[in-house]
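The values are calculated or read from the model by the stated rules, or taken from the named source; none is laboratory data. Model, not experiment: these values are computed from the prediction. All Cβ positions, even for glycine, are placed from backbone atoms using ideal geometry, and neighbour counts span all protein chains on display. What goes into the accessible areas is simple: the full protein's heavy atoms, side chains included, and nothing from ligands, DNA or RNA. Shrake-Rupley method; radii C 1.70, N 1.55, O 1.52, S 1.80 Å.
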Amino acid sequence: TRTVYLLVSDRAGNVTGPFPATVVVDQTAPTGTVDVVSTNYVNPGWSNTPACNLTISYAGDPVKMWLWDGTTHTGEIDLATSYPWTFSSYPDPGYSYVTVWFKDAAGNWSAGFKDSIFITSVTPPAPPMGSATGVPGGSCKLSWGAATGGYKYYIRYNYSGEYPVYVNDPPHPALGEGHAVGWVEGLSYDFEGPHMDIYAFSIWTMDSAGNVSTLYNTDIVATNYILGDLENDGVVHFGADLGQLASTYYLTSGDPGFVPECDYGPTHNGSRIGLPRPDGLVEFDDLVVAAMNYAIHGDWQGKKSSTNDDAVPGSDKKIPAAEIEFIAEAPSQVAAGDQFTVTIRNNNSSSILAMNMTLNFDNDRFEVVSVTPGEMFTSNSKAFFFNKANAGEVRFDGATFGPEALFTRDEVARVIFRAKQNLPSVSFEEVSIDARDWENNPISCVFRTTFSGNAGILPAAFALFQNYPNPFNPTTTIKFALPTANEYRLEIFNIAGQKVASFSGYSEAGYVTINWNAENQASGIYFYKLNAGAFGATRKMALIK
């Protein structure tokens, strides 16, 4: 502030004054900023419209301001902290600028303060293909690819309302339809479904300027639970869950005891891998799904080593197989009425998670008597085995549950057949094998039959055969036939009716051979008598020394 003093004198020398006057001398320009903000408040520095808001701040002593965007200006206007602005000329897409100057009362103008905003009305693309997996506890973990320019993603959903029937997929909702999840940042989202069901998700892209894609992602359809987890507690239990699968296996819809929650296969259907595709029959496809999910979410997880919780038991032994060979061992010749055993083996059981085998044969030549699981299943405490025989066909399915329960034996099954006519050889007309590895990938399989003479032939009836040699000195062989498993007793008597030897035991169906050494017996006629079940027979032999 400066003060000026004025004295006034007239011509006669009279002086008046002094009269003071003050003036403020100001040469300091004011300061400030301008910030261009989109009216839709999406991402700072972006806008999908030329209509924006200016946020203005200043310091010093300005009294006026001037705004200009390269085309439009305001001239001097009163100060404001917020000012609406619409660009009259702007690139789309591209950056637009606003510059502000401030003027104080002394007439000092500030430098220009500038801010820019990127304006675009170009619609972004829809998100790329996504996926969803059921999460223990009843939710879906969604994930999708990043769209070009994507800033946020908008999610809506529909559900089928048909659990546990699973008839149809729910339709994908369009914008404004279905149920809204809302805007999500990032490329994943944990969806907590309102109830157990199949869900279809639609996802739109929003860019940083607030433009929303016209198209939307319709790839994501999923359940919000783990297939096989019937209690929906996040764990597939070996007893409670897999037990129900076993109890309803190979039952069809409408059969007593049919459990519809176990009818979730097949799950392979185009891009919809993992979705339940019930077919009204619980069979191999359902078994594979259960085995896969038990390997991931099974109750065996709580039994990991406390010293290495991340270690999966048996994971170091699960070696994928390029091909597995299955071999059927059968007798080369069979007489009409004989029963014979065909033993089926493979050369790489540890690579198998689940398998299905169907043998087709000429039912006019032989028929199935029984099927029993082989050591591959009987030696595994967490294995499942099922068999079903029809005229001209025998089928068996099997799986193991949990990486700690790998198959270790190669014997798959034993099938006992009965010949309806003399068979110069045993052959199968068609064999189909579906074997899956631990990633649910199909394994290439080959099948061949090997022949083992008359081994494996089972008699059609009880029989006691003549000993050989006869006469003998001092040893002989006594053979008898058991068409079914039985206890037996073989007794030998001399000519006076005295019992001189006895043999007893239990045998599976087949031929039993007894060797008798009569070194301590005198020459003469002897009788041998067999009792097995309700069967009894006696024959005569001669010892000659």
Discussion item. Based on this model, can you work out whether Y506 counts as of a type in the set (S, T, Y), in contact with a Ser or Thr (Cβ under 9 Å, 6 or more places away or on another chain) and either open to solvent by less than 80 Å² (accessible area, probe 1.4 Å) or in a strand (DSSP E or B) (or both)?
Written reply: no
Residue count, region 361-392, condition over 24 Å from T484 (Cβ atoms), in contact (Cβ under 8 Å) with a residue 60 or more places away in the chain and either surrounded by fewer than 15 Cβ atoms within 10 Å (Cβ to Cβ) or among the hydrophobic types (A, V, I, L, M, F, W, C) (or both), comes to 2
Counting only residues in region 393-405 that are hydrophobic (A, V, I, L, M, F, W, C) and modelled with pLDDT of 90 or more, the one surrounded by the most Cβ atoms within 10 Å (Cβ to Cβ) is identified as A399
The correct count of residues that are within 18 Å of I544 (Cβ to Cβ), in contact with a Lys or Arg (Cβ under 8 Å, 6 or more places away or on another chain) and of a type outside the set (A, V, I, L, M, F, W, C) in region 471-526 is 4
Considering region 381-413, residues that are of a type in the set (K, R) and assigned to a loop (DSSP other than H, G, I, E, B), and then whichever is nearest to the chain's Cα centre (by Cα), we arrive at K382
Checked T39, T49, T33, T22 against criteria (open to solvent by 70 Å² or more (accessible area, probe 1.4 Å), under 60 Å from the mean Cα position of the chain (by Cα) and on the phi < 0 side of the Ramachandran plot); the one match is T33
Wholly inside region 131-237, strands (runs of 3 or more DSSP E) that include 3 or more residues that are more than 30 Å from F258 (Cβ to Cβ) and open to solvent by less than 30 Å² (accessible area, probe 1.4 Å) are 150-159, 198-207
Filtering region 414-436 down to residues that are assigned to a loop (DSSP other than H, G, I, E, B) and either open to solvent by 30 Å² or more (accessible area, probe 1.4 Å) or at pLDDT 90 or above (or both) yields K420, Q421, N422, P424, S425, S427, F428, E429
Of V431, V446, V412, the only residue that is more than 21 Å from L287 (Cα to Cα) and not aromatic (F, W, Y) is V446
By residue number, the members of region 52-72 that are open to solvent by 50 Å² or more (accessible area, probe 1.4 Å) and in a loop (DSSP other than H, G, I, E, B) are G60, D61, T71
Here the residues within region 482-503 that are at pLDDT below 95, under 13 Å from L530 (Cα atoms) and either part of a loop (DSSP other than H, G, I, E, B) or of a type in the set (A, V, I, L, M) (or both) are L482
